[in-house]
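These notes concern the structure reproduced below.
Read-outs: derived from the displayed coordinates by stated rules, not from any lab. Computed from a predicted structure; not experimentally measured. Ideal geometry is used to build each Cβ from the backbone, glycine not excepted, and the neighbour counts take in all protein chains shown.
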Amino acid sequence: MRTLTIEPLTKEAFAPFGDVIETDGSDHFMINNGSTMRFHRLATVETATPDDQAIISIFRADALDMPLTVSMLERHPLGSQAFIPLLGNPFLVVVAPFGDVPEPELTRAFISNGRQGVNYHRGVWHHPVLTIEKRDDFLVVDRSGSGNNCDEHFFEESQKMILDPQK
């Protein structure tokens, strides 16, 4: 079974999968009579049809036991999905490129620094939210509308991967 190497989350490394939402190194301009920096358009909400809506939710996630056997990934073919940590805690991200099914050999793992969020592009395979803390909160921006917007893929035993933050 392959053990995923956990990489630092950077805009360049994550670009094939979506956007890193962070202020570090991002363009900004001043608003509100010069009292506020606006870090503009850090990610784009993607929706599939004109009837879709972008919505904002909070997910309260519980940590999974580690090391974790990655046995499934999901994707949202009708809209992007963004996760922004609300409590400043690092979290793990497991992704695979867009395709009919996720390819285990192309699956990658990242760790956020706690000040970074991610925006998964439409159709990018990813693991459901992976908090490191016992419980954590995330602001989530995604799509609401008709149609099935969640596909799950379960790996065969030989394709499963190990995610171990200690390695």
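Numerical summary
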| quantity | calculated |
| --- | --- |
| Net length gained if the chain between Thr69 and Met30 were fully extended (0.36 nm per residue, minus Cα distance) | 9.5 nm |
| Alpha carbon centroid spacing (whole Å) that separates the range 1-62 from the range 77-112 | 12 Å |
| Difference of contour (0.36 nm per residue) and Cα-Cα distance, Leu87 to Lys167 | 26.3 nm |
| Note, ³J(HN,Hα) from phi for the range 62-79, Karplus 6.51, -1.76, 1.60, rounded to Hz, x at Gly and Pro | 9, 5, 8, 5, 10, x, 9, 8, 7, 10, 7, 9, 10, 8, 10, x, 9, x |
| Cα-based convex hull volume of the range 2-163 per residue, rounded to whole Å³ | 121 Å³ |
| For the range 158-167, Karplus couplings with θ = phi - 60° (6.51, -1.76, 1.60), whole Hz, Gly/Pro x | 6, 9, 5, 10, 10, 10, 10, x, 7, 9 |
| Partner lysines for Lys134 [C-alpha distance under 25 Å; skip if fewer than 8 residues away on the same chain] | Lys160, Lys167 |
| For Val70, residues with placed amide H under 5 Å, excluding near neighbours | Met161, Ile162, Leu163 |
| Placed amide H near Glu7: partners under 5 Å, 5+ positions off or other chain | Ala109, Phe110, Ile111 |
| Sites Glu103 and Asp62, calculated FRET efficiency, Cβ-Cβ separation with R0 25 Å, nearest 0.05 | 0.30 |
| For the chain, built as a Gaussian network whose Cα springs stay under 10 Å, the top-fluctuating residue of Gln116, Gln53, Gln81 | Gln53 |
| Pairwise FRET efficiency - His40 versus Glu152, Cβ, R0 = 25 Å, nearest 0.05 | 0.15 |
